Amino acid sequence: MKKDSHKQSVQTTGHAWDGDLQEFNNPLPRWWLWGFYGTAVFAVIYWVFFPAWPFGTGFTTGVLNDITYTTADGREVTRHWNTRSLLDKEMAQARSDQQQFLDELKGASYADIRTDQRKSAFAYSMAKVLYADNCAACHQAGGAGKVGMYPNLADDAWLWGGNFARIEETIRDGRNGYMPAFRKSLDETQLAEVTDYVLSLSGHAVDVQAAARGKDIFNGQDGGCHLCHTSEATGMVSLGSANLTDSVWTIADVPGQGDIEGKRRAVREVIEHGVSRQMPGWAGRLNEAEIKILTFYVRELGGGA
């Protein structure tokens, strides 16, 4: 009985459904009302301080101080405050700071960059972008390279030399890698014998007698391989000829073969058809500071003598 009298004492909107389903007319919570009024006050304040309302051909600009900054071409620009002007100012400041770092690194030695934490941190952060934009398409992310096409930059075996000076020269001027094809100058037997000799240099189990004959061809007039790879087969940095004794393969995919016959095919294909590949020079695309930063980054990936 008390429950029914309580229902009748609450004000309703007068709407009823199914005879006894009614809508109460309860007031909104006070905290909700004050929150609503607060948003209205905040909106008025925002309209006064910040750009907000369209007006004629423009809009209300607010009362915050104007923003002044210097553009990349040296012009001083003053604009009313808005988020776009603020972004432009921050971007201009970032470019200015970046240029100061670039000028500083341009005159620094590689040893200085390596030992100075601030310089090396900036060089790494910028070089990652330079590498991704200019090098990663061929040498892959992290410098892993691709056997048969692009050298691995993350090891210490460098065809053209892995010190700072040689890497900088490579990036600036590019490289032309060439090895003549021997399919016409050597017969089938000679090709097989040289192949066995080349594989024996890195410890593979091959026909010992065939490898011995291959060594004579390698160092003789018929093959003449020693003229580029040296008689010890350790290669020449000045020519970019590979060291055949270190088990590092940049053209023939020897590690990727499952048996000795597959390794023979991989090496023989290179001997038969030769090599012709080119890395472009980046002097026309990157400035001196960028080449230096990229040289530092690539050298730190692996590097060598």
Where Rh is the Kirkwood radius over the Cα pairs of the range 143-200, the temperature 4 °C and the viscosity 1.567 mPa s, what D in µm²/s does Stokes-Einstein return? 92
What number, rounded to the nearest 500 deg cm²/dmol, is the helix-based mean residue ellipticity at 222 nm of the chain, given -39500 (n - 2.57) per DSSP H run of at least four residues and division by all its residues? -15000 deg cm²/dmol
Efficiency by 1/(1 + (r/R0)^6): what FRET value for residue 45 and residue 83, r their Cβ-Cβ distance, R0 = 30 Å, to the nearest 0.05? 0.95
What are the ³J(HN,Hα) values, in whole Hz, obtained from phi via the Karplus relation 6.51 cos²θ - 1.76 cosθ + 1.60 with θ = phi - 60°, for each residue of the range 16-25 in sequence order, with x given for Gly and Pro? 9, 10, 6, x, 10, 8, 10, 9, 6, 10
Pop out the ³J(HN,Hα) list for the range 41-58 in order, Karplus 6.51 cos²θ - 1.76 cosθ + 1.60 with θ = phi - 60°, rounded to Hz; leave Gly and Pro as x. 5, 4, 4, 4, 4, 4, 4, 6, 7, 10, x, 8, 9, x, 8, x, 8, x
Sorted by chain and number, the residues with a modelled amide H under 5 Å from that of residue 177, at a separation of 5 or more or across chains, are 277, 278, 279
Stretched out fully, how many nm does the piece from residue 137 to residue 246 gain, at 0.36 nm a residue minus the Cα gap? 36.6 nm
Quick one: which of 263/292; 128/263; 146/292 span more than 28 angstrom between C-alpha atoms? 263/292; 128/263
Would you mind putting 86-94, 53-61, 186-194, 231-239 in packing order, based on average other-beta-carbon counts within 10 Å, highest first? 186-194, 231-239, 86-94, 53-61
How far is the Cα center of the range 170-194 from the Cα center of the range 93-139, in Å? 37
Could you please report the charge total around residue 230, scoring K, R as +1 and D, E as -1 over all other residues with beta-carbon less than 14 angstrom from its beta-carbon? -1
Rounded to the nearest 0.05, what FRET efficiency do residue 55 and residue 25 have when you use their Cβ-Cβ distance and R0 = 41 Å? 0.45
Using a Förster radius of 35 Å, what is the FRET efficiency between residue 285 and residue 63 based on their Cβ-Cβ separation? Nearest 0.05, please. 0.15
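Values in this text are rule-based calculations from the coordinates and carry no lab data. Quantities reported herein were computed from a predicted structural model and do not represent experimental measurements. Reconstructed Cβ throughout: ideal geometry from the backbone, glycine too, with neighbour counts over all protein chains shown.
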